[in-house]
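Some notes on the structure that comes next.
Values quoted throughout were computed directly from the atomic coordinates according to the rules given, and no laboratory measurement underlies them. Model, not experiment: these values are computed from the prediction. Heads up, the Cβs are rebuilt from the backbone with ideal geometry, glycines too, and the neighbour counts pull from every protein chain shown.
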């Protein structure tokens, strides 16, 4: 009985090992320098570097917001958050009326800071906010992507050094 249990544990560990080491199950290595992991309720989870993001269609925006009591302005260039998530094929239920608005995007930084943007805010049928995953700010290429939410008066959702973007379902239980 004990040998059989050990065998099952080894089989389970062997199944997890490729994903933990950046194998087929994880897309790319999550520890790549400057990489951001795009995951959650998506058909195609992936890790992107700044250089890879920069190969996608880029948009530019000039934004101003309050940060630590003073006004901060920046010229941002990056990928539309909506476009990036749509490339990853969100797993919305087409049989459920407006299922997409039951989702939010959790943006996580290397320093553990987090912010949330609802799908309705970025969806062109609702808020249509042009949220960007920046690869460049004020003419300087970033080492790691930032996320900027234009129109916010305060910069609380301007997230520096993003390491993960997750599409999460939000429903009352």
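Pairs of Cα atoms under 8 Å, at least six residues apart: use those to get the relative contact order of the range 31-169, whole percent.
For the range 31-169, the relative contact order is 32 percent.
Using label points projected 7 Å from each Cα along Cα→Cβ, tell me how many nm separate residue 83 and residue 123, to one decimal.
Those two pseudo-labels are separated by 2.1 nm.
Quick one: Cα convex hull volume of the range 45-89, Å³ per residue?
With only Cα atoms used, the range 45-89 gives 102 Å³ per residue.
To make sure I understand, if each residue's beta carbon is the centre and we count other beta carbons within 10 Å, what order do 129, 68 fall in, fewest to most?
Numbers: 129 20, 68 7.
Arranged by neighbour count, lowest to highest, 129, 68 become 68, 129.
Taking other Cβ within 10 Å of each residue's Cβ, how do 84, 66 sort, fewest first?
Ranking 84, 66 by Cβ neighbours within 10 Å, fewest first, gives 66, 84.
Measure off 7 Å from each Cα along the Cα-to-Cβ vector at residue 153 and residue 59, then give the distance between these two points in nanometres to one decimal.
Reported label-point gap for residue 153 and residue 59 is 2.3 nm.
What FRET efficiency comes out for residue 98 versus residue 140 if R0 is 35 angstrom and r is the Cβ-Cβ distance? Round to the nearest 0.05.
Given R0 = 35 Å and the Cβ-Cβ separation, E is 0.35.
Can you pull the three principal axis extents for the Cα set of the range 49-173, in Å, largest first?
Answer, in whole Å and largest first: 44, 34, 27 Å.
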